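To start, the structure under review is shown below, and the notes come after it.
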Amino acid sequence: MWTLAYILLGILVFIVILGLIAPKKYNVKRSIVINRPVHETFRYLRMIKNQDHWSPWKQKDPNMKQTFEGADGKVGFISRWEGNKDVGVGEQEIKRIIENDIINTELRFYKPWKSVSDAYLKVDSVDNGKTNVTWGFSGKTPFPFNIFMMFFSMEKTVGKDFEEGLESLKNTLEK
């Protein structure tokens, strides 16, 4: 009986220690240079519905159900989706726009797990009418879910999706 209690206590202590050392925050970003001026690139990016043309998640589930609330390209616009296991269920809301600079959104995921992340699309002018686009997102992972982050690389998994999406965005805008 006491042996079982010590084993359970040891497992509990191990889980707590893992929770203390596991990452509690994540931050992923990728960039690409697009051969279009900043104002044209930004005008396209601010319209969330345009993500249907370049988002890697739309490609993972072209039949996902989507609904929209508000005026696309304006603060307060919300895009909701319900998709397969690759895209889950969630919504994206435009929180802040600084013209020809940055679009901040909040991503709220409901399935397969609940989480909230801050996302952004930032543009910077590069010489000869080119634009550097940076796509990123960050958030916090509470205990005990942060233990999972020791075995799952958000940087590799989401970073790969960002790279595919940015390449698709480049192809779309440079046609």
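The values are calculated or read from the model by the stated rules, or taken from the named source; none is laboratory data. Source: prediction; values computed, not measured. Cβ sites come from the backbone with ideal geometry, for glycine too, and all protein chains shown count toward neighbours.
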Of these, GLY129, GLY83, GLY136, which one is farther than 22 Å from LYS58 by Cα and of a type outside the set (Phe, Trp, Tyr)? GLY129
Pick from the stretch 118-152 the residues that are among the small types (Gly, Ala, Ser) and out of contact with any Gly (no Cβ under 8 Å at 6 or more places or on another chain): which of them is modelled with the lowest pLDDT? GLY139
Only one of these is closer than 21 Å to PHE162 by Cα and part of a strand (DSSP E or B): ASN50, ASN27, ASN63. Name it. ASN27
Quick one: is ASN50 of a type outside the set (A, V, I, L, M, F, W, C) and either loosely packed, with under 14 Cβ neighbours inside 10 Å or at pLDDT below 95 (or both)? no
Could you give me the residue pairs with C-beta distances under 6 Å whose first residue belongs to the stretch 92-117 and is farther than 22 Å from PHE42 by Cα, whose second residue is of a type in the set (Asp, Glu) wherever it lies, and which are 6+ apart or on separate chains? ARG108/GLU91
Take VAL33 and tell me if it is in contact (Cβ under 8 Å) with a residue 60 or more places away in the chain, farther than 26 Å from PHE148 by Cα and of a type in the set (A, V, I, L, M). yes
Residues being buried (at least 17 other Cβ atoms within 10 Å of the Cβ), under 15 Å from the mean Cα position of the chain (by Cα) and of a type outside the set (Lys, Arg): count how many of those fall in the stretch 30-47. 1
